[in-house]
Amino acid sequence: MKLITIIPAYNEALDIKNVSKEALKYSDVLVVDDGSNDETNHLARESGAMVVKHEKNLGKGAAIKTGLKFGLERGYDVFVILDGDGQHDPSYVPALTAEINGAGVVIGSRFLGGIPDNMPLQRKVSNAITTNLIKYVTGYTLTDSQCGFRAISKGAAEIFVDIGYDDYVYESEMIHRASENGLVIREAPVSCRYGHEKSYITWINVLHYIFFILKLVLRKIRSRVTF
């Protein structure tokens, strides 16, 4: 099994070197520098990771797609996605990839062992609402639809590179697209570190996501209406 870890990164100079070095213990690593204006690119290269740079900030979804295309072109079989801000612990990479056999996606769940005490309250609430909506739309039994720490099979990656979204909606559309293609999704327990990580989610991103979810829910309701 040829494995690559893809780290989308935007202005993550504080953590990217350590995250990349830790991930390199378990797989090849590609950092997709999404138009950073700090030392992210330089520090990622110092870590020993491969680096691709976007000339301008295109969004997390765009960075993931760049990483998937890079890996597919080079013959990788399994793709792990993790954040560059230190929130995701690379030591869980083996646990995620161990579950990929027969699955299209393995999502790291912060809730399989119970509700994490260190998670900010607003994240608990938003995650619970979104996960239940995603479960309703897709039929998957999930506990943590919003965790970006994921393992993806080659077959799933070939489907996900064509998703039209470039922002944070991309990760939820991944689940929707998986359901449309009959892919198996599993979860594996992970823990996350919360502290100095930054959020680049704007109100425009939030509204875009709300419209995306509403569109899926309305489509689901229409499909269930019989005349």
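The values are calculated or read from the model by the stated rules, or taken from the named source; none is laboratory data. Remember, predicted model here, so these are calculated numbers, not experimental data. Here the Cβ is made from the backbone with ideal geometry for all residues, glycine too, and neighbour counts use every protein chain on show. Quick note on the areas: whole protein, heavy atoms, side chains included, nothing else; ligands and nucleic acids left out. Shrake-Rupley method; radii C 1.70, N 1.55, O 1.52, S 1.80 Å.
The label-point distance for LYS124 and SER91, in a model that sets each label 7 Å from Cα toward Cβ, rounds to 2.5 nm. Farthest towards the positive end of the charge dipole of segment 4-98, among the residues PHE79, ALA95, ASN41, is the Cα of PHE79, using unit charges on the Cβ of Lys, Arg, Asp and Glu. If both residues of a DSSP beta bridge must be in segment 99-189, then about 40% of such bridges are antiparallel. Taking the charge dipole of segment 82-193 about its Cα centre, with +1 at Lys and Arg Cβ atoms and -1 at Asp and Glu Cβ atoms, the residue from HIS176, GLN146, PRO189 reaching farthest to the positive side is PRO189. The fraction of accessible area contributed by carbon and sulfur in the chain is 54 percent, rounded to a whole number (1.4 Å probe; ligands and nucleic acids excluded). In vacuum, with every alpha carbon of segment 79-183 counted as one equal point scatterer, what does the Debye formula give for log10 I(q)/I(0) at q = 0.12 Å⁻¹? Two decimals, please. Debye output, listed in q order: -0.39. Evaluating kT/(6 pi eta Rh) at 20 °C and 1.002 mPa s, with the Kirkwood radius of the chain over Cα pairs in the Stokes-Einstein relation, gives 121 µm² s⁻¹. In this structure, no residue pair taken from LYS21/LYS154; LYS2/LYS53; LYS17/LYS60; LYS135/LYS215 has a Cα-Cα separation over 26 Å.
Beta bridges from DSSP with both residues in the chain: antiparallel share about 30 percent, rounded to the nearest 5. Normalising the average separation of contacting C-alpha pairs (under 8 angstrom, six or more residues apart) by the number of residues puts the relative contact order of the chain at 23 percent. Placing +1 on each Lys and Arg Cβ and -1 on each Asp and Glu Cβ, with no other charges, gives segment 1-137 a dipole about its Cα centre of roughly 380 debye. Based on DSSP H segments of at least four residues, each scored -39500 (n - 2.57), the chain has a per-residue ellipticity at 222 nm of -13000 deg cm²/dmol. Principal-axis analysis of the Cα atoms of the chain puts helix 121-138 at an angle of about 60° to the longest axis.
The residues of segment 131-174 present an accessible area of 33 Å² per residue when probed at 1.4 Å with all protein chains retained. Our Cα-only numbers for segment 20-124 put the radius of gyration and Dmax at 15.0, 41 Å.
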